[in-house]
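Bear in mind these aren't lab numbers, they're just calculated from the coordinates by the rules spelled out. Fair warning: this is a prediction, and the values are worked out from it, not measured in the lab. Note that each Cβ is placed from the backbone with ideal geometry, even for glycine, and that neighbours are counted across all protein chains shown.
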Amino acid sequence: MSVHRRSQGLFDPKLVSEAIGQSFIKLNPRILFRNPVMFTVEIGTVIMLIVSLWTLSGNAHQGSFAYNLSIFLILLFTVLFANFAEALAEARGKAQAATLRKTRKDTPAKKIVLMGEIFLNEVHIVPSSELKKGDVFVCEVDDIIPSDGEIIEGIATIDESAITGESAPVIREAGGDKSSVTGGTKVLSDKIKVKVTTDPGESFLDKMIALVEGASRQKTPNEIALTILLAAFTIVFIIVCITLKPFGDYANTPITIAAFISLFVCLIPTTIGGLLSAIGIAGMDRALRANVIAK
Amino acid sequence: MNAELLGVIVMFVATLLLSVPLGRYIAKVYAGDRIWTDVIFNPVEKLFFKLSRINPTKEMTWKQSLTAMLTINMIWLLWAMFCLTNQSWLPWNPDHNPSQTPDQAFNTAVSFVVNCNLQDYSGETGATYFSQVFALMFLQFASAGTGMAAAAAVFNGLKERTTDKLGNFYNYFIKSCIRILLPICILIATIHAFNGTPMTLKGMDTITTMQGDTVHVSTGPVAAFVAIKHLGTNGGGYYGANSAHPLENPNYFTNMVQMIAQILIPFAMVFAMGFYLRRKKLAWVIWTVMTIGFLLLVIPTVISEVNGNPQIAKMGVMQPNGNMEGKEVRFSSYATAFWSIATTVISTGSVNGMHDSFMPISGMNMLLGMMVNSFYGGVGVGFLNFFVYLIIAVFIGGLMVGRTPEFLGKKVEAKEMKIASIVALLHPFLILVFTALACYFASHNTNMGWWFTDASGKHGASGWLNNPSYHGFSEMLYQYTSCSANNGSGFEGLADNNPFWNITAAIVLLFSRFLPIIGPVAIAGILAQKKFIPESGGTLKTDTGTFGLLILAVKVIIAALAFFPALALGPLAEFFGMK
């Protein structure tokens with residue numbers, strides 16, 4: 001695992017260009033709808049585009065064309081930036097997942113075949129992805145454990161820092177409650193026989209890959225509750241801005257559409273709403289970088 | 001001047017000193033502990049439960065509690081409607097007052113059921129002794145009892161155990177009325193009767209003035225009415241002038257008693273929570289947050305009232321007593337300013353001066369008090385409103401420190417956040433949307449038809465404003481804010497006794513009363529069902545000053561962001577216009 005040192009910078013040109021493309025694709029209302037805060041900003045952007053065109057065609061009540069256009073551009077940039085942040089985080093996650101996957105495939109496993117070609121209990125070297133639940137493999141000094149499993153024979157010190165971040169080695173032994181080992185960790189001394197406890201594609205490492213890719217990243221309960229709170233705030237500010245129109249009428253103060261939309265976007269929690277999903281993915285990314293890849 | 005300031009401070013400190021033991025007593029009442037008052041009240045309660053065939057020991061789920069609450073409120077509403085629309089022929093009408101019109105009766109009945117007491121009528125001519133006693137005064141007890149019973153159900157749900165039962169709602173209700181409200185009311189009413197407040201059924205009195213004119217003076221069962229009006233934070237006056245009327249609030253002493261009476265139970269409920277859940281420190285944190293909010297509003301108000309009106313000062317007139325327009329000389333500008341904020345942060349809404357005549361900053365602070373609606377708040381419901389902000393603050397705080405949000409050992413999750421958000425959303429929604437509606441009609445002078453007719457028979461909507469410009473806007477904003485906060489005080493100056501204002505206000509009242517009760521009770525019910533997690537090093541401490549500050553910040557941010565534009569067009573614009 002230590003050979004796969006990360007070389008990606010934050011703004012790797014390949015990732016950035018992919019993210020830029022994605023940030024435009026994500027403008028599709030059907031995709032953006034899942035993020036209510038940014039979706040309302042997008043609606044505001046569309047309205048500003050219409051207002052800009054309207055002023056261009058001769059309407060004089062909504063301020064100058066340049067004013068409306070600049071607000072339209074600022075809003076567009078806001079939406080694009082939120083999309084870009086999310087897309088960049090996703091792209092980085094994907095790139096990392098690919099590296100991880102490669103790691104997993106490359107790790108050789110010393111599988112014990114009960115009825116071998118020549119001897120009983122013959123050791124075959126197979127790629128770790130071919131290990132099935134119930135298979136038994138053996139690990140010696142300096143081997144990377146290829147899959148999650150339970151020690152059935154022997155005792156070993158294991159470096160689990162790749163998964164837990166704890167740099168002191170731990171002792172694992174057959175029997176008792178300290179018998180399980182995790183794929184991706186490294187044996188530092190002695191020899192153990194391990195029985196595989198997960199099917200391919202379900203191991204701890206696979207779960208991490210899925211998390212980083214964002215494919216199976218379910219929203220956490222807190223994230224759901226936070227979305228509800230943000231939606232509530234957004235609704236309050238919709239009310240505040242809409243009611244300002246009759247208030248303005250009463251005070252004989254006409255307010256331009258551009259001013260309404262600007263006020264609205266300033267009030268709603270755009271920063272957190274726009275970056276929430278990016279934060280989630282980036283968090284996974286960081287966790288992995290700290291514990292797995294950098295080692 | 002120092003004596004007047006001292007008077008205000010004495011009022012506040014006296015309330016605090018009385019409310020702590022009262023809180024302990026309330027906690028004991030709700031916990032069902034044995035108290036010395038059992039001897040007197042047990043037989044009375046048994047009689048009630050026997051007559052109504054209610055088993056007070058049978059516990060209810062949160063849904064059953066709410067069904068019970070809504071059902072009895074519905075029946076009270078119909079009863080009050082009946083009394084008010086038929087009062088002309090019902091007994092106890094020595095002054096021959098007419099029955100109320102259906103829209104006015106609807107507004108009045110709703111506003112008394114929901115503990116608001118908006119009063120688009122004047123008590124002297126708009127209601128008979130029968131209505132005052134059996135409809136209005138009865139509802140003042142019942143609505144206060146409802147709020148307290150709902151709070152008791154929430155206390156019960158926050159205990160350290162897992163259950164789906166929140167106690168018996170009827171039991172809490174009866175106990176709140178009989179053991180808490182009634183005895184204190186008898187004391188307050190007696191004090192008032194000895195200070196000259198009438199307590200009679202004889203009808204109008206006639207006096208001959210020094211000039212030889214004959215004047216008819218309305219009397220009635222005023223002393224009893226005044227007591228529950230304040231203790232239950234109802235605020236509906238017996239007379240139209242409310243507590244500014246010399247018979248309803250004869251002197252500085254009764255003014256103090258009324259002041260203490262209205263703050264007493266909102267204070268005591270917070271302490272009761274502390275004693276009931278054995279979390280005294282949390283109770284003190286909550287009380288301190290409320291008090292800071294209260295002081296932030298009351299200090300600028302007192303200062304701006306005592307300093308007087310800059311426009312009058314420009315004319316070279318001395319104002320040694322401060323801004324005395326719309327104030328009673330016997331109460332001074334200190335006590336009146338203090339009262340005006342107390343009555344708005346708490347949902348009393350009784351007045352002892354004319355809020356319309358206060359300085360713009362004072363008007364804004366009154367509005368803010370109602371917009372936040374949980375610096376103390378009404379009996380029971382004040383704590384419930386605070387509870388909603390508490391849940392939001394716990395959630396935000398939990399996320400900020402990276403912990404799963406917990407309150408009193410129960411996890412706060414999406415469902416609770418949904419309910420809390422809806423309740424927090426409701427208040428700005430009702431205030432802003434209805435004010436916007438009224439503004440729209442007024443600015444376009446819409447022909448309102450049946451909905452509105454002004455004194456000269458015109459239907460134009462701008463006719464309901466007696467003051468143009470910013471002040472008129474404040475009046476409309478105040479009316480709906482007062483409704484949505486279930487406060488009931490009026491800025492006045494608005495022609496509000498007509499179908500449009502009566503009916504829209506009643507709609508706002510119904511929503512803003514019952515959803516904020518349903519929400520917290522539901523949250524408490526859901527939290528009660530969850531597993532109790534004992535406090536550990538990782539728990540976000542809710543009984544610290546830091547957390548108190550967070551709650552205050554949440555309230556200020558929600559109120560400031562939602563209401564600032566409206567306030568800027570009303571009182572703030574007026575304030576800068578007066579300079």
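What the table below lists for this structure:
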read-out: Anchor residue B:281: lysines whose Cα lies under 17 Å away (excluding residues fewer than 8 positions away in-chain); value: B:159, B:541
read-out: Protection proxy ranking of B:351-362, A:59-70, B:278-289, B:119-130 - average other beta-carbon atoms within 10 Å, highest first; value: B:351-362, B:119-130, B:278-289, A:59-70
read-out: Low-density loop positions, trypsin sites (Lys or Arg not before Pro), segment B:68-176 - DSSP coil, at most 16 other Cβ in 10 Å; value: B:161
read-out: Stokes-Einstein D (µm²/s) once Rh is taken as the Kirkwood radius of chain B over alpha-carbon pairs, at 20 °C in 1.002 mPa s; value: 89
read-out: Inter-chain Cβ neighbour average for residues A:220-228, partner chain, 10 Å; value: 6
read-out: Average beta carbon contacts from partner chains per residue of B:13-20, 10 Å cutoff; value: 0
read-out: Proximal lysines relative to residue A:133, as straight alpha-carbon distance under 17 Å, when same-chain residues fewer than 8 apart are discounted; value: A:105, A:110, A:111, A:193, A:195, A:207
read-out: Reachable aspartates and glutamates from residue A:14, criterion Cα separation under 16 angstrom, eight or more residues apart if same chain; value: A:86, A:90
read-out: Whole-Å semi-axes of the ellipsoid equivalent to segment A:132-199 (Cα gyration tensor, √5λ, descending); value: 17, 13, 11
read-out: Chain B: DSSP helices with Cα axial extent of at least 30 Å and average Kyte-Doolittle hydropathy no lower than -1.0; value: B:2-31, B:62-85, B:252-277, B:280-307, B:414-444, B:499-529, B:545-567
read-out: Cβ-placed point charges (K, R +1; D, E -1), dipole of the protein assembly as shown about Cα centre in debye, nearest 20; value: 1540
read-out: Whole-Å distance, taken between Cα centres, linking segment A:247-277 and segment A:66-81; value: 14
read-out: Average beta carbon contacts from partner chains per residue of B:88-101, 10 Å cutoff; value: 0
read-out: Above-threshold pairs, the threshold being 30 Å between Cα atoms, out of A:94/A:186; B:229/B:579; B:46/B:280; B:58/B:531; value: B:229/B:579; B:46/B:280
read-out: Semi-axis lengths, Å, segment B:41-144, gyration tensor of Cα atoms, sqrt of 5 times eigenvalues; value: 30, 16, 11
read-out: Most positive-pole-ward Cα, B:554, B:89, B:405, against dipole of the protein assembly as shown from beta carbon charges; value: B:405
read-out: Descending semi-axes in whole angstrom, ellipsoid equivalent of the protein assembly as shown, from the Cα gyration tensor; value: 63, 35, 22
read-out: Mean-position separation - Cα centroids, segment B:269-346 and segment B:400-479, in angstrom; value: 24
read-out: Residue B:44 versus residue B:560: modelled label distance in nm, points set 7 Å from Cα along the beta carbon direction; value: 4.7
read-out: Under 5 Å, built H, 5+ apart or other chain: amide partners of residue B:167; value: B:60
